[in-house]
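Visitor: One structure, as structure tokens, below. Some questions next.
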Amino acid sequence: MLDEKKRRQWSRFCEKMALGKERKAECARLCRENWPEECRLTMDTANQLLDRTFWFQLPWDMEQTQEPVHFCGDIDWKYVFHEDNEFVFQMNRHRFWICLGQAYGLTGDERYASELVYQLLDWLEKEPWAEESENLTWRTLDAGLRADYWVRAMALCAYSSNVTEEVAARFLEGLEVHGRRLFENPKIGFSKKSNWGVMEYTGLYLLGFILENQEYVERARHFLKAGLHIQIMDDGMQWEASPMYHNEVLMAYVEVLRLGRIWGDDPFSEEEKGIIENMARATMDLMNPQCHQPMTGDSDDTDVRDLLTEAAYVLKSSRLKAGAFQQLDYESIWLFGPEGFEDYGNLETGTKKAGIVNLPCSGQVVVRSSWGEEGDWLYFKNGPLGGGHGHQDKLHLGLWLNGEEVLADSGRYTYKDVPQRYALKGTQAHNVPMIAGLEYAGSKDSWTYESLPQCFPNQVCEKGEYRFLEGTHGGYLDRGIVVQRRILQVDFDIFAINDRFLGIVPEEILQMFHFGETIKAVRTETGTEGRGSRCGFVMKSFAEGKEASMELGMSPISRHYNQIGQRTSLCVTGRQVRSLTTFLVRRQRKEPVEITREPVFNQAYGHELSVQEGEGYIIRAGERKAGIVFLGHEVGNQSDYNGIGGVYGLGRTMVCDLKEKVTCMTVLQW
């Protein structure tokens, strides 16, 4: 039963966090009217739980499952599914209990509140804190998340007849155990630098208020503030090189701001709130035309608009609302209530601009034609490897045309120590250049690498419809080779991808291109043609000016944890050469596309450059006729004023419109 202290704590919890009957009914109405699919997913999940069936399919479940697990009798909270402990971790976060609370709110059916109470008491009985469970059901990460999720679920069921005084007392006792576990967390350095720490101390911050423990609040504040300054790069990205874990950290910080408002606390300075908003802006800047995060690193194919909606509301940011839902999202309605729905509707929506966004610290660049669903989007990544969630994806290229994914990352699939884990983390799984058969930073195990090769700062340039990106990394320096990728865009119609291996001439070099599942590609006499449901394109490759080998095959793609499929891939090969250049040209209807190599001529001294010194190409496609020059060295030494088609310039990377009467090349890289 509730003693005096617990009675006070329970009363304050209900006053501050629980939804009363009328507000809950209004939330249910708003959700049914505005988010019917989300209501359906909630009810499906809750009904499965009534049947003691666990199937992790919620959008932000970090480790989703693709098949249900049913317990005929007692629930085994330590059950390992398919030899993957991630099932245990996901199961013991109890995110699904929130669905029981939401189902209770949507229907008023006491069965859902009763099941929440049953599972809560069952778990407390079977999984008391014990050192032997610290790496299974009592990891600090999961304890932090669990504390937050328990409170969210109970806030929706607090006034149910099933939540007796005894249940309330057991609930608070369970939170006390979590508070001690999180407060005594011994991994000080790890928590400060890892996404774990932010989620751990978000839970402790909440527990400090509910349990009236100021030490918990102060310790949580300390670590949460430290995490902002330690983990978040100046461009807004969390350092671990995974958009998904960046967004999990952002989600936790937004939750802290929400909780601080509820309990009358202001945990962050204005500068620190600016860091959180900068994180949300990075999320918005990176999202593809489908409004999903990139799948680089250990990331799933997840819509980020709900997260941006909550961030926009908490931060009162019209700029963030421009990339978010235009009405409060499903989860936030339950958190902020009917008044939040109205307040968010009154928040001004900012404007969004297309063009280039450069995130220099994390090495990411996005170019978009528009913010529409049928827009074009190019993604380039050449950044630090990050932590264990990073992949060997330096110089990776992603591409959408007409709102359809053309070039896609491979995802993660699993964290188990199995060949598929290493294959999807490896170089060949990404759209990158590589030396054949050689990883540039081989995996030591599922979470660490044999080496940490550096990347060098990217170059970004935009002049009218021309855009240029360059990245370099030293992954093969132990073999005397530096890899450099140059990408030249003519609007979103022509893409020239020039990869150079500087130093010793490799025996064989590759370019990997992995297509989206809707793309069907075929080899032709002159190259490769691709066709999707919305776009078509032609690809042609050159190895130092000569046609390169192009071979189609199949490769894996994993859009969600535990989910894997196949899609078409293209491998471009060159032997005993230092460069590969591949063109991808958008094909409108069935118009002809012609891509030819042209000698680069030096007008100042009247001689032709060798193909190793400079590569020149002319691309004819529809109304376009573009000339492109890639030099293999700096300008100078009588190899300076160069060009093709009678148009010249001083630059390492140049382009011109040969259908117009231009007098000089446009220099994109001096």
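Visitor: Pairs under 7 Å by beta carbon, first residue touching a residue at least 24 places away in the same chain (Cβ under 8 Å) in segment 143-156, partner of a type outside the set (A, V, I, L, M) and not in a helix (DSSP H, G or I), six or more apart or different chains?
Guide: Final answer for the pair search is Leu145/Arg93; Arg146/Asn92; Arg146/Arg93; Arg146/His94; Tyr149/Arg93; Tyr149/His94; Tyr149/Arg95; Trp150/His94.
Visitor: So Gly236 ticks every box in (1) open to solvent by less than 30 Å² (accessible area, probe 1.4 Å); (2) without any contact (Cβ under 8 Å) to a residue 40 or more places away in the chain but one. Which box is left unticked?
Guide: (2)
Visitor: Looking only at segment 475-505, which residues are in a strand (DSSP E or B), open to solvent by 10 Å² or more (accessible area, probe 1.4 Å) and either at negative phi or touching a helix residue (DSSP H, G or I) at 6+ places or on another chain (Cβ under 7 Å) (or both)?
Guide: The answer is Val482, Gln484, Arg500, Leu502.
Visitor: Anything in segment 186-217 that is part of a loop (DSSP other than H, G, I, E, B), modelled with pLDDT of 95 or more and among the charged types (D, E, K, R)? List them, or say none.
Guide: Correct list: Glu212 only.
Visitor: Could you please find all residues in segment 192-217 being open to solvent by 10 Å² or more (accessible area, probe 1.4 Å) and aliphatic (A, V, I, L, M)?
Guide: Correct list: Leu211 only.
Visitor: Quick one: Val611 ticks every box in (1) under 21 Å from Arg485 (Cβ atoms); (2) among the hydrophobic types (A, V, I, L, M, F, W, C); (3) within 34 Å of the chain's Cα centre (by Cα) except a single one, so which number is it?
Guide: Of the numbered conditions (1) under 21 Å from Arg485 (Cβ atoms); (2) among the hydrophobic types (A, V, I, L, M, F, W, C); (3) within 34 Å of the chain's Cα centre (by Cα), the odd one out for Val611 is (3).
Visitor: If I filter segment 619-629 for residues that are touching a residue at least 12 places away in the same chain (Cβ under 8 Å), under 28 Å from Phe501 (Cβ atoms), of a type outside the set (Ser, Thr, Tyr) and open to solvent by 10 Å² or more (accessible area, probe 1.4 Å), do I get at least one hit?
Guide: Checked segment 619-629: no residue is touching a residue at least 12 places away in the same chain (Cβ under 8 Å), under 28 Å from Phe501 (Cβ atoms), of a type outside the set (Ser, Thr, Tyr) and open to solvent by 10 Å² or more (accessible area, probe 1.4 Å).
Visitor: Does segment 210-219 include one or more residues that are in contact (Cβ under 8 Å) with a residue 60 or more places away in the chain, in contact with a helix residue (DSSP H, G or I) (Cβ under 7 Å, 6 or more places away or on another chain) and of a type in the set (D, E, K, R)?
Guide: yes
Visitor: Only residues in segment 128-139 that are farther than 20 Å from Asp84 by Cβ count as the first member; pair them with residues that are at pLDDT 95 or above and in a helix (DSSP H, G or I), Cβ under 8 angstrom, at least 6 apart or cross-chain, and list the lot.
Guide: Cβ pairs passing all conditions: Pro128/Val177; Trp129/Val177; Trp129/Arg180; Trp129/Arg181.
Visitor: Restricting attention to segment 590-605, which residues are within 30 Å of Gly532 (Cα to Cα) and touching a residue at least 12 places away in the same chain (Cβ under 8 Å)?
Guide: Correct list: Glu591, Pro592, Val593, Glu594, Ile595, Thr596, Arg597.
Visitor: Checking Ala282 against (1) hydrophobic (A, V, I, L, M, F, W, C); (2) under 22 Å from Arg261 (Cβ atoms); (3) not in a loop (DSSP other than H, G, I, E, B): exactly one of these is not met. Which one?
Guide: Going through the list (1) hydrophobic (A, V, I, L, M, F, W, C); (2) under 22 Å from Arg261 (Cβ atoms); (3) not in a loop (DSSP other than H, G, I, E, B), Ala282 breaks only (2).
Visitor: Let me ask something additional. Which residue out of Gln428, Gln420 is open to solvent by 30 Å² or more (accessible area, probe 1.4 Å), more than 22 Å from Gln364 (Cα to Cα) and within 21 Å of the chain's Cα centre (by Cα)?
Guide: Gln420
Visitor: Here is a follow-up. Failed condition for Gln459, given (1) more than 25 Å from Leu424 (Cβ to Cβ); (2) in a loop (DSSP other than H, G, I, E, B), with all others met?
Guide: Of everything listed in (1) more than 25 Å from Leu424 (Cβ to Cβ); (2) in a loop (DSSP other than H, G, I, E, B), Gln459 misses just condition (2).
Visitor: Condition check: without any contact (Cβ under 8 Å) to a residue 60 or more places away in the chain, open to solvent by 10 Å² or more (accessible area, probe 1.4 Å) and either more than 23 Å from Leu401 (Cα to Cα) or not in a loop (DSSP other than H, G, I, E, B) (or both). Does Asp266 satisfy that?
Guide: Spelling it out, Asp266 is indeed without any contact (Cβ under 8 Å) to a residue 60 or more places away in the chain, open to solvent by 10 Å² or more (accessible area, probe 1.4 Å) and either more than 23 Å from Leu401 (Cα to Cα) or not in a loop (DSSP other than H, G, I, E, B) (or both).
Visitor: Let me ask you something else. Quickly run through segment 60-75 and pick out the residues that are part of a loop (DSSP other than H, G, I, E, B), open to solvent by less than 70 Å² (accessible area, probe 1.4 Å) and either in contact with a Pro (Cβ under 8 Å, 6 or more places away or on another chain) or at pLDDT 95 or above (or both).
Guide: Trp60, Asp61, Met62, Glu63, Gln64, Thr65, Gln66, Pro68, Phe71, Ile75
Visitor: Being among the small types (Gly, Ala, Ser) and out of contact with any Lys or Arg (no Cβ under 9 Å at 6 or more places or on another chain) narrows it down to one of Gly532, Gly474, so name that one.
Guide: Checking each option against the conditions leaves just Gly474.
Visitor: So which pairs qualify, if the first residue must be in segment 544-556 and open to solvent by less than 30 Å² (accessible area, probe 1.4 Å), the second must be of a type in the set (Asp, Glu) and modelled with pLDDT of 95 or more, the Cβ gap must be under 7 Å, and the two must be at least 6 apart or on different chains?
Guide: Qualifying pairs under 7 Å: Gly545/Glu615.
Visitor: Within the set of pairs 6 or more residues apart or between chains, which connect a residue that is on the phi > 0 side of the Ramachandran plot inside segment 96-122 to a residue that is open to solvent by 10 Å² or more (accessible area, probe 1.4 Å) and of a type in the set (Gly, Ala, Ser) with Cβ atoms less than 9 Å apart?
Guide: Final answer for the pair search is Gly108/Ala25.
Visitor: (1) assigned to a loop (DSSP other than H, G, I, E, B); (2) open to solvent by 10 Å² or more (accessible area, probe 1.4 Å); (3) touching a helix residue (DSSP H, G or I) at 6+ places or on another chain (Cβ under 7 Å): which one isn't true of His391, the others all being true?
Guide: (2)
Visitor: Anything in segment 440-452 that is of a type outside the set (A, V, I, L, M, F, W, C) and more than 21 Å from Tyr379 (Cβ to Cβ)? List them, or say none.
Guide: Scanning segment 440-452 gives Gly442, Ser443, Lys444, Asp445, Ser446, Thr448, Tyr449, Glu450, Ser451.
Visitor: From the residues in segment 630-650 that are assigned to a loop (DSSP other than H, G, I, E, B) and on the phi < 0 side of the Ramachandran plot, which one is most open to solvent (accessible area, probe 1.4 Å)?
Guide: Per the stated criteria, the residue is Glu634.
Visitor: Being polar (S, T, N, Q) and open to solvent by less than 10 Å² (accessible area, probe 1.4 Å) is true for just one of Thr414, Thr448, Thr472. Which residue is that?
Guide: Answer to the selection: Thr414.
Visitor: Would it be correct to say that Asp306 is open to solvent by 10 Å² or more (accessible area, probe 1.4 Å), in contact with a helix residue (DSSP H, G or I) (Cβ under 9 Å, 6 or more places away or on another chain), farther than 29 Å from Leu401 by Cα and at pLDDT 95 or above?
Guide: Spelling it out, it is not the case that Asp306 is open to solvent by 10 Å² or more (accessible area, probe 1.4 Å), in contact with a helix residue (DSSP H, G or I) (Cβ under 9 Å, 6 or more places away or on another chain), farther than 29 Å from Leu401 by Cα and at pLDDT 95 or above.
Visitor: Quick check on my filter: what residues within segment 144-194 are among the hydrophobic types (A, V, I, L, M, F, W, C) and over 20 Å from Gln9 (Cα atoms)?
Guide: Hits for segment 144-194 are Leu145, Ile188, Phe190.
The values are calculated or read from the model by the stated rules, or taken from the named source; none is laboratory data. Just so it is clear, the structure is predicted and the values come from calculations on it, not from any experiment. Here the Cβ is made from the backbone with ideal geometry for all residues, glycine too, and neighbour counts use every protein chain on show. Accessible surface areas use protein heavy atoms only, side chains included; no ligands, DNA or RNA. Shrake-Rupley method; radii C 1.70, N 1.55, O 1.52, S 1.80 Å.
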